[in-house]
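Below: one structure, written as structure tokens.
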Amino acid sequence: MLDISLAGLIGAIVGTVIAGVTYHLSIGTLDRRMRERTQTQTAEEREKADAALSLLRRFILASDMLLFAGLGYWIGSTYWG
């Protein structure tokens, strides 16, 4: 049987919210720098850079969510329940 604590679940939810905020803050900076770099490139190079940026965004979001949700669950279940 799976034993999930309420405090851990609340911690995971809070961690997911923190991951969303962190993602939003880091992606703005990353996107701005990538757009500056692609201004001097050709259309084909821009498409490749956009595809790479899209993949990088997904990776950052997934890793942030896993890290912060797991950390939030651990903190919640350790300290509050």
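Filter the range 27-53 for residues that are among the β-branched types (Val, Ile, Thr) and surrounded by 15 or more Cβ atoms within 10 Å (Cβ to Cβ); which is nearest to THR16 (Cα to Cα)? It comes out as ILE27.
Whether any residue in the range 32-39 is modelled with pLDDT of 90 or more, of a type outside the set (A, V, I, L, M, F, W, C), out of contact with any Asp or Glu (no Cβ under 8 Å at 6 or more places or on another chain) and in a helix (DSSP H, G or I) is what I want to check. The answer is no, given that none of the residues of the range 32-39 is modelled with pLDDT of 90 or more, of a type outside the set (A, V, I, L, M, F, W, C), out of contact with any Asp or Glu (no Cβ under 8 Å at 6 or more places or on another chain) and in a helix (DSSP H, G or I). Within the range 1-46, the set of residues being in contact with a helix residue (DSSP H, G or I) (Cβ under 9 Å, 6 or more places away or on another chain) and β-branched (Val, Ile, Thr) comprises ILE4, ILE10, ILE13, VAL14, THR16, VAL17, ILE18, THR22, ILE27, THR38. Have a look at TYR73, TYR23 and point out the one that is of a type in the set (Phe, Trp, Tyr), in contact (Cβ under 8 Å) with a residue 60 or more places away in the chain and in a helix (DSSP H, G or I). That would be TYR73, the only listed residue that is of a type in the set (Phe, Trp, Tyr), in contact (Cβ under 8 Å) with a residue 60 or more places away in the chain and in a helix (DSSP H, G or I). For GLY81, the test of being part of a helix (DSSP H, G or I) and either in contact (Cβ under 8 Å) with a residue 12 or more places away in the chain or under 30 Å from ILE4 (Cα atoms) (or both) is failed. All of LEU9, LEU56, LEU71 fail the test of being modelled with pLDDT of 95 or more and surrounded by 13 or more Cβ atoms within 10 Å (Cβ to Cβ), apart from LEU71.
The values are calculated or read from the model by the stated rules, or taken from the named source; none is laboratory data. Since we're looking at a predicted model, the values are computed, not measured. Please note: Cβ atoms are built from the backbone with ideal geometry, for glycine as well, and neighbour counts cover all protein chains shown.
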